[in-house]
Amino acid sequence: MTTTLITGANKGLGFETARQLSAAGHTVYVGSRDAERGRRAAERLGVRWVPLDITDDASVEAAAKTIEADGGLDILVNNAGVEERTPDMSVLGPSEITVDIMRKTFETNVFGLVRVTNAFLPLLGRSAAPVVVNVSSGLGSLTQTAAYPYPGVAYPASKAAVNMITVQYAKAFPNMRINAVDPGFTATDLNGRAGTQTVEEGAEIIVRMAQVGADGPTGGYFAASGPVAW
């Protein structure tokens, strides 16, 4: 049985990814820092819930011990992420961004991802087919964002960092399949549901890359249509 942990999985892309991977036969853990939402999501999906605040060392360590005691981990999907916007969902551009907002964004999107990945590396190392999927964004592509009118700073910078982390971890752990994915502009709470895709469509590439075999790609950056330019 393949065991999968998805961070930030009580709603949106994480929830849909959990649904699809559970349907594919995985033993799925929904990671959520909100206990009530996490339990409710797990109950709806018929999967397991584990308390997980990716910004907190003790929470991450406790989650790793729980999953280890239950038998280990094969697939880690680093999905949890934040984007700071104004109350009316306007994007904060260079003239509005602050160091505090940059720090808060990186605490979850970058430092949290590293914290979780490092905590679960020992468990993944015991798997016969370990996989890590880092949920990035097309906004993490310098090539694409340079030509796109999105004005934000913190979120794309954090996702560009995720892409670099993905490349370096893939080189360091060649026995694992470690890739970044761009789900596309999906309607979720993150963007005030302004996205043009459904969560079912957005989760497709996450689910696909979570199930790559030992001979699959690693150190790459993929959307549903194929590789994404860095």
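The values are calculated or read from the model by the stated rules, or taken from the named source; none is laboratory data. Computed from a predicted model, the values in this text were never measured in an experiment. Cβ coordinates were reconstructed from backbone atoms using ideal geometry, including for glycine residues, and neighbour counts include every protein chain displayed. Calculation scope for accessible area: heavy atoms of the full protein, side chains included, ligands and nucleic acids excluded. Shrake-Rupley method; radii C 1.70, N 1.55, O 1.52, S 1.80 Å.
Identify the trypsin sites (Lys or Arg not before Pro) of region 128-230 meeting these criteria: DSSP loop state and at most 11 other C-beta atoms within 10 Å of the C-beta. Don't jump to the answer; show the numbers that get you there.
Details: sites: 159, 171, 177, 193, 208; in loops: 193.
Filter output for region 128-230: 193.
Its relative contact order, with pairs defined as Cα atoms under 8 Å and 6+ residues apart, puts the chain at 19 percent. When 164, 1, 209, 102 are compared by accessible area of protein heavy atoms, the largest-first order is 1, 164, 102, 209, using a 1.4 Å probe. Using 0.36 nm per residue and subtracting the Cα-Cα separation, the extra length available between residue 129 and residue 230 on full extension is 33.7 nm.
The long axis of helix 154-172 is offset from the longest Cα principal axis of the chain by roughly 40 degrees.
For region 104-230, the relative contact order is 28 percent, taking Cα pairs closer than 8 Å that sit 6 or more residues apart in sequence and dividing their mean separation by the residue count.
Given points 7 Å out from each Cα along the Cα-Cβ axis, report the residue 107 to residue 200 separation in nanometres with one decimal. Distance between label points: 3.7 nm.
Sorting the Cα pairs of the chain by distance into bins of 10 Å, from 0 upward, gives 8, 35, 39, 15, 2, 0 percent per bin. Of the residues 81, 93, 125, the one that moves most in a GNM of the chain with alpha-carbon contacts below 10 Å is 93.
Within a straight-line Cα-Cα reach of under 17 Å, residue 11 can be paired with the following aspartates and glutamates, leaving aside sequence neighbours fewer than 8 residues apart in one chain: 34, 36, 43, 53, 83, 189, 200, 201, 204. For the chain, DSSP calls about 10 percent of its internal beta bridges antiparallel. Between residue 147 and residue 56, the simple label model (points 7 Å from Cα in the Cβ direction) yields a spacing of 4.4 nm.
Per residue, how large is the accessible surface of region 41-142? Use a 1.4 angstrom probe and give square angstrom. Intermediate results must be reported in sequence, preceding the final value.
Values: 4670 Å² over 102 residues.
Heavy-atom accessible area per residue stands at 46 Å².
What the Cβ-Cβ distance of residue 100 and residue 214 gives, at R0 = 35 Å and to the nearest 0.05, is a FRET efficiency of 0.25. In this entry, region 1-138 is assigned a mean projected area of 9.1 nm², taken as a quarter of its C-alpha convex hull surface. Note on surface exposure: 44, 85 rank 44, 85 by accessible area, highest first, 1.4 Å probe.
State the percentage of accessible surface on the chain attributable to carbon and sulfur atoms; use a 1.4 Å probe and exclude ligands, DNA and RNA.
Details: 5620 of 10470 Å².
Ligands and nucleic acids excluded, carbon and sulfur give 54 percent.
With all protein chains in place and ligands, DNA and RNA left out, the 1.4 Å accessible area ranks 167, 162 as 167, 162, largest first. Over the residues of the chain, the helix contribution to mean residue ellipticity at 222 nm works out to -12500 deg cm²/dmol, using -39500 (n - 2.57) for each DSSP H run of at least 4. Label-to-label distance for residue 68 and residue 164 is 3.1 nm, based on points extended 7 Å past Cα in the beta-carbon direction.
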